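Worksheet: one structure, shown below.
The values are calculated or read from the model by the stated rules, or taken from the named source; none is laboratory data. Because the structure is predicted, anything quoted here is derived from the model rather than measured. Here the Cβ positions follow ideal geometry from the backbone for every residue, glycine too, while neighbour counts run over all protein chains shown. With ligands, DNA and RNA removed, areas are computed over all heavy atoms of the protein, side chains included. Shrake-Rupley method; radii C 1.70, N 1.55, O 1.52, S 1.80 Å.
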Amino acid sequence: MRAIQIDRYGGPEVIVHRELPIPTPGPGELLIRLAWSGINFMDIHTRQGKYANSRTYPQSLPTTLGIEGAGTIEAIGSGVVGFHAGDRVAYCLAWGSYAEFAVVAAWRVVPVPDALPLDLAAASMFHGLTAHYLANDLGKLGPGVSCLILSASGGIGQLLVQLGVRLGATVYATTSSEAKAEVARKHGAAAAFLYDNGRFADTVRELTGGRGVDVVFDPVGKPTFRDSLRAARKKGLVVSLGSVGGSIHDIDPIELGEAGSLFLTRPRLADHLTDAETIRRRAADIFTALLDGSLSLQIAGRYALEDVTRAHEDLEGRRSVGKPIIQIS
Ligand SMILES: NC(=O)c1ccc[n+]([C@@H]2O[C@H](COP(=O)([O-])OP(=O)(O)OC[C@H]3O[C@@H](n4cnc5c(N)ncnc54)[C@H](OP(=O)(O)O)[C@@H]3O)[C@@H](O)[C@H]2O)c1
């Protein structure tokens, strides 16, 4: 089978195209014939070696890139119940989806409704389940709650804006360009504006009568983090969910006190997808919303397996709006 691997960490030049044997599912595992794979910043972080010492996401080299996909079940390992060959399925947070086949632990795999195209299923697992726990479990978004979403036209950002609006929260959005801000407005953001060298925090204060928002979702990291603290209300919550712009290495807890006794969390999806029931519940909510039209997902680009390097360059170059995916079969 064709697979995209890395043998060492680094830039797009470390990506290697390989022919590998089709793997065999062990006990509790499924072999999935992949139709589509999502492309995520997490793949870039994996390639760069950011998880080389991670306990949450342990890695060893060589590794096949890609952490989410959708396709059909090709073979079933011993002890697996409830799945049949040919079932349409999707999953996330198991490495190896930039390939024609992947072996995945069955508890991570969810059924895909007949009416949902497999490209949408692949595109919505990782970002959809992330937006789901951020909006519901961490942000507790709802009427009377205000939030600020950075990088609001990105893969997570677009879904988070829509979920926040659906839940009845007041959603403010910030992005690097006017075109990206317009995407957030179309999804119902109460206001969308540019980072403007950190002045987004002042804009939030003006819009909230000086108070600041209840929750800030920041996937950017170093360039925006301190202004995100300024955008939060006293005793508000700052969710540092990623570091696409660079990691934060220099935070002293006293800063949280000075910023208004803030709560800061650096969550990981793995800790919010710890069992099959939770994964199925979150995925079912996202799939249902996609099917009834109350949630829309923008595919940023459809790449061939051969074009993975270009896909990574596009994502790192901030050219993506929405979610890029790879067509595999
Ligand atoms: N904590 C969790 O559970 C969790 C789960 C999934 C992903 N994440 C993390 O969230 C972050 C975003 O992931 P994503 O997959 O949703 O990607 P994404 O939002 O589609 O990321 C791309 C966007 O990031 C923004 N960005 C800001 N600074 C950038 C830079 N220096 N280089 C490239 N892009 C930059 C760009 O939007 P603008 O141009 O508008 O800034 C770009 O469009 C990643 O760090 C990822 O690891 C965390």
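Summary of values
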read-out: The chain - Kirkwood radius from inverse mean 1/r over Cα pairs (Å); value: 20.2 Å
read-out: Degrees separating the helix 118-133 axis from the principal Cα axis of the chain, which is the longest one; value: 40 degrees
read-out: Principal-axis tilt of helix 276-292 within the chain, Cα atoms, nearest 10 degrees; value: 80 degrees
read-out: Set of aspartates and glutamates near Lys186 by C-alpha distance (under 15 Å), chain-local residues within fewer than 8 positions excluded; value: Glu178
read-out: Rounded to the nearest 10 Å², the accessible area of Arg166 at probe 1.4 Å; value: 130 Å²
read-out: 16 Å Cα-Cα reach of Lys323 towards aspartates and glutamates, excluding residues that sit fewer than 8 places from it in its own chain; value: Asp43, Glu68, Asp119, Asp307, Glu313, Asp314
read-out: Probe 1.4 Å, protein heavy atoms only - accessible area per residue of the chain in square angstrom; value: 41 Å²
read-out: Choice from Tyr133, Tyr91, Tyr57 showing the highest fluctuation, given a GNM over the chain with Cα pairs closer than 10 Å; value: Tyr57
read-out: Percent accessible area from carbon and sulfur atoms, segment 1-147, protein chains only, probe 1.4 Å; value: 54 percent
read-out: Set of lysines near Lys235 by C-alpha distance (under 20 Å), chain-local residues within fewer than 8 positions excluded; value: Lys140
read-out: Residues whose placed amide H lies under 5 Å from that of Ala75, excluding near-sequence neighbours; value: Leu31
read-out: Degrees, to the nearest 10: 155-167 long Cα axis against longest axis of the chain; value: 60 degrees
read-out: Placed amide H near Leu264: partners under 5 Å, 5+ positions off or other chain; value: Val238
read-out: Kirkwood hydrodynamic radius (C-alpha pairs) into Stokes-Einstein, segment 80-233, 37 °C and 0.692 mPa s, D in µm²/s; value: 195 µm²/s
read-out: Relative packing of 153-165, 29-41, which averages over residues the other C-beta atoms within 10 Å, highest first; value: 153-165, 29-41
read-out: In order through segment 242-250: 3J(HN,Hα) via Karplus (6.51 cos²θ - 1.76 cosθ + 1.60), integer Hz, x for Gly, Pro; value: x, 9, 4, x, x, 7, 9, 10, 10
read-out: Computed accessible area, Lys50, all protein chains, 1.4 angstrom probe, square angstrom; value: 90 Å²
read-out: Segment Ala190-Lys235, length gained on full extension (0.36 nm per residue, minus Cα span); value: 13.9 nm
read-out: Share of carbon and sulfur in the accessible heavy-atom surface of segment 207-329 [1.4 Å probe, %]; value: 51 percent
read-out: Per-selection metrics, segment 198-329 (Cα): Rg and Dmax in Å; value: 18.3, 54
read-out: Candidates Arg55, Arg319, Arg108: whichever shows maximal mean-square fluctuation once the chain is modelled as a Gaussian network with Cα springs under 10 Å; value: Arg55
read-out: Amide H contacts under 5 Å for Ala169, placed H, 5+ residues apart; value: Gly142
read-out: Cα Rg, Dmax (largest Cα-Cα span) when computed across segment 255-329, Å; value: 17.9, 54
